[in-house]
Every structure is written in structure tokens, then in C-alpha cells.
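Before any comments, here is the structure.
The values are calculated or read from the model by the stated rules, or taken from the named source; none is laboratory data. Note that this is a predicted model, so its numbers are computed, not measured. Neighbour counts are summed over all protein chains in view; Cβ atoms, including those assigned to glycine, are modelled from backbone coordinates with ideal geometry. Side chains included, ligands, DNA and RNA excluded: accessible areas come from the protein's heavy atoms. Shrake-Rupley method; radii C 1.70, N 1.55, O 1.52, S 1.80 Å.
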Amino acid sequence: MFLFEHYQQFQALRFSVEEINRNPDLLPNTTLGFYSYDSCAVLQGEIEATLWILTGNNQAIPNYCCRENPPLAAVIGHSSSTYSMSMAHLLGLYRYPQVSYFSTSSLLSDRTQFPSFFRTVPSDKFQSVGLAHLVLRYQWTWIGLLAPDNDYGQEGIQVIKKEIMNSGACVAFTEFIMTSLIFTEIKRMVKLIKESTAKVIVAFSTDIYMIPILEEMLRQNVTGKLFVASEAWSISNVLSVEKYFSILTGTVGFAYHSSTIQGFQEFANSIHPFSTPGLTWAKIFWAEAFGCKFPNEKNVTDLSKYSGTLCTGDESLFSIQNSYNDVSSLRVSYNVYVAVHVIARALHNLMECKDSTGQPSLEKCSTITNFNPWELLHYFKKVRVELNNKREVFFDENGDPPAIYDIVNWHQTTEGVINQVKVGRYDTAASSEDKFSINTSLVKWPTGGQEVPVSICSESCPPGFRKVARKGEPICCFQCSPCAQGEISNQTDSIDCLKCPWDMWPNPQKNQCLPKSIDYLSYDEPLGMALTTTGVSSSMIPVSIFSIFITYKNTPIVRANNYALSCILLISLSLCFLSSLAFIGYPQPEKCLLRQAAFGMVFTICISCILAKTIMVVFAFMATKPGSSLKKWTKPRVSYTLVNVCSLLQLILCIMWLSLSPPFPQYNTQTQPGIIVIECNEGSPMAFWCMLGYLGLLATISFVVAFLARRLPDSFNEAKFITFSMLAFLSVWVSYIPASLSARGKYTVAMEIFAIQSSSWALVICMFVPKCFIIVFRPDMNSKEHLMGKSKSLK
């Protein structure tokens with residue numbers, strides 16, 4: 001089958017040779033020539049033609065060359081990697097430089113097997129790495145892989161798979177198209193493609209293997225998939241037909257770097273079927289191009305295809321447009337052009353005995369008319385050619401040139417055809433940031449817009465969540481779990497959450513740590529204001545009663561209830577109310593140090609006074625019996641001594657507490673998440689509960705004694721009031737214990753303030769309200785006669 005593209009490549013070879021021969025600065029006084037062989041795509045013919053080249057005759061004679069002049073410099077070819085390997089094994093034995101313009105197999109980079117092989121087309125390894133990076137550039141992490149089951153497909157797809165997985169992306173499936181193209185296998189693969197959630201499929205294949213896949217996709221109505229194409233089908237005319245629009249529109253892929261050759265179009269259109277080298281090929285091309293036939297020509301073309309039109313040779317190629325004279329984007333032909341220039345530059349350096357930098361070579365110099373192939377091979381390894389498009393061509397240690405690919409995008413035009421539009425470039429010689437150069441405004445995706453398709457197994461986890469792998473599935477398939485309490489993630493797809501510092505707490509979205517709010521019982525908040533107001537106003541009540549007692553201190557009811565102890569009790573009660581204020585406000589060190597001790601001392605004085613009152617009631621009754629020796633215990637100094645002793649014990653306990661393990665302010669971050677509770681650490685909880693227990697002991701003794709003395713026949717007996725006051729006092733503080741243990745933060749403090757004020761009110765109400773009522777509202781009852789009369793009636 002005659003292909004215009006192949007004939008264009010032959011003319012590119014002719015054009016470059018003639019261009020070099022016209023250049024006085026390249027191989028001056030030397031004419032470059034060439035032989036061209038057609039192996040007819042037969043491997044045996046390729047090996048035979050290689051031996052012809054080496055022998056210099058139409059008879060293949062191993063290890064013999066009958067050509068004396070001109071010397072064989074290098075061999076250009078083959079286009080097929082398999083054929084190039086066969087040639088390279090033979091040419092490598094003699095170290096003849098071989099330059100391929102289309103063989104891309106990465107196996108040819110093995111210098112051990114192919115020591116004299118070079119190419120002007122990139123290795124498939126570069127393409128595979130580039131395709132993988134193209135996929136990752138668009139953040140496609142859930143990919144399907146498709147390739148033919150041959151060396152080309154397996155080598156390429158394995159490199160792509162390795163690069164994708166090393167970068168954290170995942171492969172949804174890897175399918176190899178059997179060369180036998182079994183229908184059941186094709187059907188199974190297409191069904192897998194249809195059911196897979198992967199939206200992007202990398203097809204490292206040739207167009208011939210893509211056709212049955214696309215046909216079956218049409219039958220199964222598979223849509224919504226985006227193909228990433230290798231160079232072997234990215235600009236295929238076979239697939240660029242209306243039939244496949246619904247599947248292939250939006251395809252992106254790599255194509256060999258395209259360029260133009262100045263003057264080549266005029267040269268290509270100027271050939272003549274009767275005066276062009278390779279007359280047989282020229283006549284076949286002419287007949288194919290113009291649909292005519294040459295008279296009296298046999299075996300040139302299939303004359304039955306054409307009408308009776310005869311070829312005259314006067315037809316003009318300028319009047320037609322086909323793939324032969326379309327030189328707007330030369331790819332393979334340009335590689336042929338480059339190969340010829342590389343050979344010419346290497347010969348030029350050998351002739352001048354200079355290396356690639358222009359410096360004299362240290363090697364032994366040979367003449368251009370008499371050199372050994374391995375001598376030219378030395379210059380091949382160091383050759384550098386700058387072309388008209390400013391691109392520099394050289395070879396690495398494996399004989400590979402810098403890889404540069406065009407990125408093409410399949411557009412459906414309004415005329416109903418598909419065009420492969422160049423939208424960017426992939427250049428391995430550029431810096432890592434500039435390897436890809438893509439004009440995003442030119443890219444059109446299958447949806448027809450410029451919004452990049454999404455191909456992921458799981459939706460990305462937003463900040464505030466972390467990725468949790470699904471059991472038995474690839475790492476790209478995961479579920480999003482919210483960060484635990486006190487942790488954040490401030491990036492998308494975080495693997496782990498970060499714990500906030502101790503003084504910070506996550507915001508509601510859990511993507512940022514914010515300073516924790518400070519919490520304590522403040523004077524400014526409603527609860528603090530209410531307790532402060534209650535404490536201050538309540539402290540005025542004992543003061544008011546105290547003033548009443550001073551005013552009526554000579555009345556029987558005041559005198560009968562131990563005026564001095566009552567005054568001490570009232571002052572202490574006023575201080576009890578005020579002591580609750582020390583628990584409100586910012587817990588400063590001084591406040592933490594003294595507030596519990598102050599509360600304990602003033603309450604101890606109160607309970608000691610009540611205990612003294614109770615005991616004095618009992619002693620007073622017992623002293624009335626004839627001959628009683630207890631009369632001396634009814635003196636005032638006994639009660640004062642009792643108050644002092646009870647208070648002294650509490651004072652000693654508080655001093656020991658403040659000396660050995662004093663309270664201090666602390667930041668509590670454990671009680672309430674997200675809040676720093678500034679509170680007073682009591683230093684020694686045991687000391688605190690001992691202080692409170694001592695108060696309870698005094699109150700219990702007072703309660704028991706008052707309860708036993710409640711029915712003593714004494715007109716001045718206040719044991720009943722003491723019993724009720726101690727009962728209320730103990731009830732408040734017994735209730736406080738579970739309440740304080742269940743409360744948190746500032747509410748623990750509020751509970752203690754409430755207990756202080758409640759118990760203080762219990763003492764005020766039970767001990768003094770009845771007396772004040774009589775003094776103020778029933779003065780007739782505040783007389784000696786009334787009290788004496790009441791006493792007689794009781795008797």
C-alpha cells in the first residue's frame with residue numbers, strides 16, 4: 001500500500017541532502033549522497049538490505065565490502081522498532097552509526113546491545129513519563145490504562161503505571177488488547193470501561209488496536225470518558241471520522257514535535273515523474289495523487305482503480321492538497337530532515353577534527369574520504385546541531401535526543417470534522433517548572449467547555465476532615481472522617497489531623513486553631529452581678545440587726561440571749577456574706593490564697609458563737625438546781641474562751657494549709673473543651689475538706705446539744721432556734737458536696753457562693769428574725785413581766 005506520508009519522508013531526505021550540499025559552511029568541497037532501499041515492510045528483506053548496504057553490492061556477503069569510494073558514513077532507519085533492532089544488531093558489530101527517525105522502543109536505549117544506535121525521535125520512556133505527568137497535572141487520580149498486548153504497549157503502560165502510582169494516584173484497571181482481537185475479550189474490556197468510575201483512560205496504543213475498542217463502545221453506548229492518547233494514534237486520520245465524534249472529542253495526547261522546513265513545500269511540489277530520483281516510486285505517487293495511469297507501464301500501479309485518464313507529467317502538484325504536500329506541521333519528515341543534518345554535522349566535525357565545542361579534538365584525525373565507522377561514531381556521541389527553529393539536537397549517553405512533544409487536543413469543528421489542535425508542548429530539556437507549556441484557553445474537553453473533567457475515586461476531603469482508607473481498596477479510595485475533638489486539618493485531603501496547642505481550640509469548621517476563650521466567674525456577667533448584689537445587700541441585714549440590738553441592748557430579750565455573743569455573731573455573719581465576694585472576679589494569687597481561709601475563719605467564729613450560746617443555755621439551766629457546781633461555768637468569759645478555742649483550732653489548720661500547700665491560680669483546660677477556666681487550685685484538697693469538715697463538726701455538736709436542750713423550761717431558751725439554724729446550715733453544706741462535684745468551671749465557684757450565702761441566711765433567719773420581730777413589732781412581749789409570766793405558764 002502506497003502512503004503519501006512515506007513518500008514525503010523520502011523527499012525530506014532529498015531536500016536536506018541538497019540543502020547541505022548548497023551550504024558552503026557545512027562539509028565544504030564535499031558532496032553528500034545517499035542510497036535508498038525499500039524493504040517492503042518484510043523483516044527478512046530488511047536484514048538483506050542491511051547486508052547489501054554493508055557489502056556495497058546486491059549480493060549479501062558477510063564481513064566483506066566491495067565499496068571503496070565513497071565510504072559509507074551512516075545508515076538512516078528503520079521506522080519500525082523491531083526492524084531497527086535487527087539492523088542495529090548487524091550495524092553495531094561494525095560500529096556503523098545508525099540513526100532512526102521513528103523507532104521509539106525504549107529497548108533501543110540499551111548501549112550494551114545497540115552501541116551505535118541513535119535516533120531523532122524520543123524514546124517511548126520519555127513519552128510514558130510525560131503522559132503520566134500530564135495526567136497528574138490535571139489532578140486525575142483515578143485512571144484506567146489500555147494498551148495492546150505487545151512490546152510497545154506493555155513497556156509503555158508499565159512506565160506510566162509506575163509513575164502514576166509513585167505520585168500517589170491510583171490505577172482503576174489495566175487492560176491489554178489481545179493482538180488476535182477476540183470479540184469476547186473486547187466486549188468484556190468495554191463493559192469494564194463503562195462500569196468503572198474512572199473517567200480518564202490512558203490508551204498507549206496504535207490506531208489499529210483502538211478501532212475495535214471504539215466500535216464496541218459505540219455498541220454499548222459508552223460516553224463520558226476522556227482518552228489520553230499516545231503519539232501512535234494522537235493524530236490518526238483513521239480515527240478522526242464522524243463516527244467516533246461522541247467518544248473521541250476532547251481527547252488529549254502527545255504527538256511528535258512538529259515544525260516547518262523553509263522551502264520544502266516548493267521543493268516537494270516541484271518533483272516530476274520522469275526526472276526525479278526513484279522513478280518507480282515517483283510514478284506510483286503521481287498515479288495515486290492524480291488518479292491517472294501511465295501508458296505501457298506494468299506493475300507500477302493498479303490500473304483497474306482508475307478511469308482511462310492517462311498521466312502526462314504536466315499535472316501540477318500545486319493544484320491539489322493532500323498529506324504529501326501538507327507541510328504545515330511536519331513530524332516524521334522533520335525527524336528525517338534532522339537525521340541528515342546530524343550525520344552531516346558529525347562528518348563536518350570529523351573532517352575538521354574538532355569536537356562539539358569547536359575545539360581541536362585530541363583523537364587521531366582521519367580524512368573525510370578515508371575513515372573507519374567507529375571513528376565517525378566518536379563524533380556522533382558528541383554532536384550538537386542547532387536547527388533553523390533554534391532547537392538544539394544532541395544525544396545523551398543512550399543515544400536519545402532531548403524529548404519534545406506537542407500536546408494535541410481533538411476539536412470537533414462546525415464543519416463536522418475533527419482537528420488535532422496543538423495546545424501545548426512537553427519538553428524534557430526545560431526546567432521542571434517549564435516542562436509543560438499548555439495554552440488552557442485552547443483546550444476543549446468532551447463537555448465542549450473549558451472546565452477540566454474530574455476523575456477521582458473519592459471526593460476530596462475538605463479542611464477539617466482527614467482521609468481514612470477503605471479496607472481492601474487503593475489509597476485513592478477513601479472516606480472522609482472529621483477531625484477529633486481538639487484537632488484540625490487546614491489542607492485538602494489531609495492524612496492526619498493536627499492537635500491544637502493547649503491554649504487554642506478549633507473553630508467550628510476545624511480548619512483553624514483559635515485562642516480559647518477565658519472563663520471565670522466575673523462581676524460583669526449576670527450570674528456574678530446577681531451573686532455580688534445578693535452578697536453586699538445581705539451583709540447589710542446583720543448590720544441592721546446589730547444596730548437594733550445596740551438600740552435595744554437593755555431590753556430583756558436582748559439581754560437574755562447573751563448580748564456580747566450575739567453582737568460577735570452578727571458581725572461574723574455580715575463578714576460571711578462579704579466573704580463570698582472573694583470568690584467572684586479574676587482569680588488573682590492573693591485572692592486564691594486567702595478566700596477559703598477567710599471563709600473558714602468567719603464561719604468558724606459564727607458556729608463557735610452558736611455553740612457557746614447552746615452550751616451556755618444548758619449550763620444556765622443546770623446551774624439553777626440547788627447546790628449545783630456549774631454556776632461558775634455560766635460566766636461570760638467561759639463563752640468567750642470557747643469561741644476563742646474553737647476559732648484557734650481552725651486558725652491553726654488554715655495556717656498549716658497555707659504554709660504547706662497553699663492555693664494558687666491555674667488554667668484548667670480539661671473541664672470544658674474549648675475554654676480555659678481560670679480557677680483557684682486549692683493546693684491540698686484534703687486540707688480544704690478538713691476545714692469544711694471542722695465546720696460541720698462544730699455545727700453538728702451545736703445541733704445535737706441544741707436538740708437535746710430544746711425543751712428545757714427556761715423563758716430565755718433559744719435552743720429551738722439554734723436547732724433549726726444548725727439543721728438548715730448542715731442541710732445546705734451536705735447538699736453542696738454532690739453539687740460541687742457535679743458542677744464545672746465557674747459554676748463550681750457559684751455553688752460555693754450560693755452555699756455560703758444560703759447558710760448565712762439560715763443563721764440570720766433562724767437566730768435573729770424572731771427576736772427582731774418581737775423587738776420591732778411586739779414590744780409588749782419584750783418585757784420582764786411577759787417573759788416571767790410565760791415561764792410560769794410553762795411550769
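Here are some notes:
- Boolean, VAL393 is aliphatic (A, V, I, L, M) and under 20 Å from VAL342 (Cα atoms): yes
- Qualifying residue in the stretch 507-516 (condition: more than 25 Å from the chain's Cα centre (by Cα), open to solvent by less than 60 Å² (accessible area, probe 1.4 Å) and at pLDDT below 90): yes
- Matching residues, the stretch 517-537, being without any contact (Cβ under 8 Å) to a residue 60 or more places away in the chain, surrounded by 13 or more Cβ atoms within 10 Å (Cβ to Cβ) and of a type outside the set (D, E, K, R): GLY528, MET529, THR532, VAL536
- Of all the residues in the stretch 144-162, those that are in contact with a helix residue (DSSP H, G or I) (Cβ under 6 Å, 6 or more places away or on another chain) and touching a residue at least 60 places away in the same chain (Cβ under 8 Å) number 2.
- Lone qualifier among VAL421, VAL443, VAL417 - being open to solvent by less than 30 Å² (accessible area, probe 1.4 Å) and over 25 Å from the mean Cα position of the chain (by Cα): VAL443
- Listed by position, the strands (runs of 3 or more DSSP E) enclosed by the stretch 59-178 include none that has at least 1 residues that are open to solvent by 40 Å² or more (accessible area, probe 1.4 Å) and out of contact with any Leu (no Cβ under 9 Å at 6 or more places or on another chain).
- Pairs linking a residue in the stretch 594-622 that is under 18 Å from SER758 (Cα atoms) to a residue that is assigned to a helix (DSSP H, G or I) and modelled with pLDDT under 80, with Cβ atoms under 7 Å and 6 or more positions apart or on different chains, do not occur.
- For LYS625: the one exception among (1) at pLDDT below 90; (2) under 30 Å from THR533 (Cβ atoms): (2)
- Test: residue in the stretch 280-288 that is closer than 29 Å to VAL421 by Cα and either open to solvent by 20 Å² or more (accessible area, probe 1.4 Å) or part of a helix (DSSP H, G or I) (or both): yes
- Total residues in the stretch 553-585, condition at pLDDT 90 or above, open to solvent by 10 Å² or more (accessible area, probe 1.4 Å) and of a type outside the set (Gly, Ala, Ser): 4
- Candidates GLY449, GLY464, filtered to the one that is surrounded by 14 or more Cβ atoms within 10 Å (Cβ to Cβ) and small (Gly, Ala, Ser): GLY464
- Some residue of the stretch 555-572 being touching a Pro at 6+ places or on another chain (Cβ under 9 Å), free of Cβ contacts under 8 Å to residues at least 60 places away in the same chain, within 30 Å of LEU593 (Cβ to Cβ) and of a type outside the set (Lys, Arg): yes
- In this structure, LEU763 does satisfy being open to solvent by less than 40 Å² (accessible area, probe 1.4 Å), closer than 30 Å to GLU679 by Cα, more than 60 Å from the chain's Cα centre (by Cα) and in contact (Cβ under 8 Å) with a residue 60 or more places away in the chain.
- Positions within the stretch 468-495 being polar (S, T, N, Q) and either in a loop (DSSP other than H, G, I, E, B) or buried (at least 16 other Cβ atoms within 10 Å of the Cβ) (or both), in sequence order: GLN485, SER489, ASN490, GLN491, THR492, SER494
- A single entry from ILE343, ILE368, ILE407 fulfils the requirement of being open to solvent by 10 Å² or more (accessible area, probe 1.4 Å) and at pLDDT 90 or above: ILE343.
- Qualifying positions in the stretch 29-45 - assigned to a loop (DSSP other than H, G, I, E, B) and open to solvent by less than 50 Å² (accessible area, probe 1.4 Å): THR30, LEU32, SER39
- Top-ranked residue of the stretch 232-253 - restricted to ones that are among the polar types (S, T, N, Q) and open to solvent by less than 20 Å² (accessible area, probe 1.4 Å), ranked as nearest to ILE201 (Cα to Cα): THR251
- Tabulated pairs, the stretch 176-195, first under 16 Å from ASP149 (Cβ atoms) and acidic (Asp, Glu), second at pLDDT below 90 and assigned to a loop (DSSP other than H, G, I, E, B), C-beta under 9 angstrom, 6+ apart or interchain: GLU185/MET178
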